[in-house]
Amino acid sequence: MTTTHDQTQPSSPQDDPPGDPSGDLPAAPPAAPPGSRPPVGPPLWDRRFTLYFTARTVSLVGDAMMPVAAALAVGALYGISGVGLVLGVWTGTFVLLVLFGGVFADRFGARRMMVAADLVRVLTQGVLAVAFFAGPPPFWLLVTMAAVAGAAVAMFLPGVNGMVPLVAADPQRANATLKVADALAHLVGPAAAGLLITLTNAGTVYAIDAGTFLLSALCLALIRLAPARAPSDTVTVIGADADADPTAPNRGSLRRDLRQGWHEFRARTWMWAVILIWVAYGVLLFGPLVPLSSALVGTRLGPDAYGLAVSFLGVGTVLGGLLALRVHPARPLAAGAVAMALYTALPLSVALGAGLPGLLAGHALGGGGLAFWSVMWATSVQTHTPPAVLNRVTAYELAGSVSGIALGQILAGPASTLLSPQRFLLLSAGTCLAGCAALLATPAIRTLRRAAAPAQDAPVSG
């Protein structure tokens, strides 16, 4: 989730902030009454957000092209095991280093880390482009570049959450807009990659990917940041000066920074409870879904049908993002959990052998539900976490989410020998519904209220 995905439930949400049953932390300001229209805020498309949106959109298109390029180009040379090893090295490096990426983003600034990570990926993708143009690249080079690129992403992604409150006055509108761009990128990117490999060479795809990271780095470098805005449930950060600028570099020890991030993550029951559910989702739902559904749909209806279904997943994601632009629920995670129940239709439509119309409808419903949840989740994390530790907290939730998906991918093959793919996907559908019920049954998640939109800050040099 990337899904990415916060505090101990108080006896009274009006008396204590979520996550501090002792009442030692300052209370959150009252949220808008349920059903009220959100106040009209500053325009979204100012210079800062436009540059950030451009940076994220172009790199997302490049990222969406890469799985197709790896599957076709690497697979043609080194087979399925080669593709699996290259992707596994990328994911493994990311999981090992993402916590350090969160520390460095809080210490040196998210934008600096993101620019540096983009430039590293310009190098890795450029090297691979040259290698593919020159002839079949050696396997050791593919694995090495995958490890370096995975490390760069581990330095990049924790800052994505932290940047949104700095470039947008309304984080929910910004997250919804970025989610729509993400969906469109995943509609355009894979098709473009397949076409380019067919007409030219895999090196062309890698060269374009390198270009997207270069443009992303340039746009990020041009952003003039405003000071970070405190969230509604700001807490005192251990070892930090309460009067200090939350964007100032943190010069504590690495171990202390990691421990501080863990403390802030653990202090929010709504956050770690969601991540526990998302680990289960990763193992039983998200991880095995692609290999199992692609095999079942491809065998029954052909590979074109599966490609069309994935496209409808993107269509649903666009619609869910557009809905999140207009709907501002008073309890965002509760509303997101209800929407997430729609995702059950995706594995269910595959497991029950639905015809093409039912398959497409299931994917569209799944995409819409997941997109709406993702916007509610990202906005809640950004607006209920102190800016000084937001990137580290994001790193912990990323590590939990991605590790569950990686484990699910690894276990999908062995598990399919114990259960048929259809039965496994029925288990996935049941897991999705059970997870939504658990989200709604957890008071800290169900009662978390939408934070009031902060006032827009004037841009400063940065």
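The values are calculated or read from the model by the stated rules, or taken from the named source; none is laboratory data. From a predicted model like this one, the values you see are computed outputs, not experimental measurements. All Cβ positions, even for glycine, are placed from backbone atoms using ideal geometry, and neighbour counts span all protein chains on display.
At a glance:
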read-out	value
Residue within segment 39-49 that is under 19 Å from Ile197 (Cα atoms) and surrounded by 20 or more Cβ atoms within 10 Å (Cβ to Cβ) present	no
All positions within segment 347-369 that are of a type in the set (A, V, I, L, M, F, W, C), buried (at least 23 other Cβ atoms within 10 Å of the Cβ) and at pLDDT below 95	Val350, Leu359, Ala364
Residues being among the small types (Gly, Ala, Ser), surrounded by fewer than 15 Cβ atoms within 10 Å (Cβ to Cβ) and part of a helix (DSSP H, G or I) - total across segment 296-309	1
Candidates Gly92, Gly62, filtered to the one that is under 16 Å from Leu142 (Cβ atoms) and in a helix (DSSP H, G or I)	Gly92
Flag if Asp233 is at pLDDT below 75, crowded, with 21+ Cβ neighbours inside 10 Å and not in a helix (DSSP H, G or I)	yes
Residue match in segment 111-119 (condition: over 25 Å from Gln382 (Cβ atoms) and either crowded, with 24+ Cβ neighbours inside 10 Å or of a type outside the set (Phe, Trp, Tyr) (or both))	yes
Some residue of segment 75-82 being at pLDDT 75 or above, assigned to a helix (DSSP H, G or I) and crowded, with 20+ Cβ neighbours inside 10 Å	no
Any hit, segment 255-263, residues being modelled with pLDDT of 95 or more, in contact with a Leu (Cβ under 9 Å, 6 or more places away or on another chain) and under 23 Å from Ala105 (Cβ atoms)	no
Among residues of segment 107-158, those that are within 18 Å of the chain's Cα centre (by Cα) and outside any helix (DSSP H, G or I), counted	1
Yes/no for Val393 being within 21 Å of the chain's Cα centre (by Cα) and either under 24 Å from Ser293 (Cα atoms) or among the hydroxyl-bearing types (Ser, Thr, Tyr) (or both)	no
Residues (surrounded by fewer than 22 Cβ atoms within 10 Å (Cβ to Cβ) and within 21 Å of Ser403 (Cα to Cα)) located in segment 255-266	Leu258, Arg259, Trp262, His263, Arg266
Single residue of segment 276-322 satisfying the filter (at pLDDT 85 or above and aromatic (Phe, Trp, Tyr)) that is farthest from Leu433 (Cα to Cα)	Phe312
Among the candidates Gly307, Gly298, Gly353, residue that is more than 20 Å from the chain's Cα centre (by Cα) and at positive phi	Gly353
Of the criteria (1) out of contact with any helix residue (DSSP H, G or I) (no Cβ under 9 Å at 6 or more places or on another chain); (2) crowded, with 20+ Cβ neighbours inside 10 Å, which one Ala330 fails	(2)
